[in-house]
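Taken together, the values in this text are just the output of simple stated rules run on the coordinates, not laboratory data. Every value quoted in this text rests on a predicted model; they were computed, and no experiment measured them. As a convention, Cβ positions derive from the backbone with ideal geometry for all residues, glycine included, and neighbour counts pool all protein chains shown.
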Amino acid sequence: EALAIVYGIKRYRHYIQDERFEIVSDHRPLQWLESHKDENSRLERWSIALSAAKYKIRYKPGKEHSNADFFSRIRVVAIKERSDFTKKLIEEQKKDELCAKIINYLNEGTLSEMDELENPDWVKELGTFRIDSGV
């Protein structure tokens with residue numbers, strides 16, 4: 001369960017960055033993750049990786065956690081991809097000068113000499129950007 005939290009926070013960091021949020025779990029040992037101090041363990045590395053996130057883990061017994069598996073049990077008849085919206089978003093990103101530079105870096109792995117020399121703030125954040133489904 002700790003690995004799922006690590007994955008979720010890393011995957012959705014763009015949405016939760018600088019936001020306080022609470023993780024509610026019926027797995028009490030997860031609370032230990034916040035206070036553990038063993039520098040050589042995998043859990044400590046995960047804890048360090050998550051240290052930038054502003055989260056609190058709260059234990060809630062499984063009997064009281066009636067909606068715990070909602071997303072894993074909900075029936076989905078069909079998922080319609082919003083391809084028109086996605087295409088428009090991709091077009092608009094290409095038109096935007098900053099987005100175009102970031103997309104070029106993500107695709108090619110290189111920056112222009114000017115961007116490297118000027119070292120704007122977005123260059124420092126390149127490790128946080130990624131392309132998902134063309135966006």
Rounded if a/c under 1.5, otherwise prolate or oblate - the range 83-128, Cα gyration tensor axes: prolate
Under the Karplus curve 6.51 cos²θ - 1.76 cosθ + 1.60, θ = phi - 60°, whole-Hz ³J(HN,Hα) for the range 120-125, x wherever Gly or Pro sits: x, 3, 5, 5, 5, 9
Most to least packed among 100-113, 83-96 [average Cβ atoms within 10 Å]: 100-113, 83-96
Magnitude of the charge dipole, the range 2-64, Cβ model with Lys/Arg +1 and Asp/Glu -1, debye to 20: 120
Net charge dipole size for the range 83-128 [Lys, Arg +1 and Asp, Glu -1 on Cβ; Debye, nearest 20]: 260
Three-way shape call for the range 2-64 based on the alpha-carbon gyration tensor, with the a/c threshold at 1.5: oblate
Given Lys10/Lys60; Lys54/Lys95; Lys56/Lys124, the pairs whose alpha carbons are separated by over 26 Å: Lys54/Lys95; Lys56/Lys124
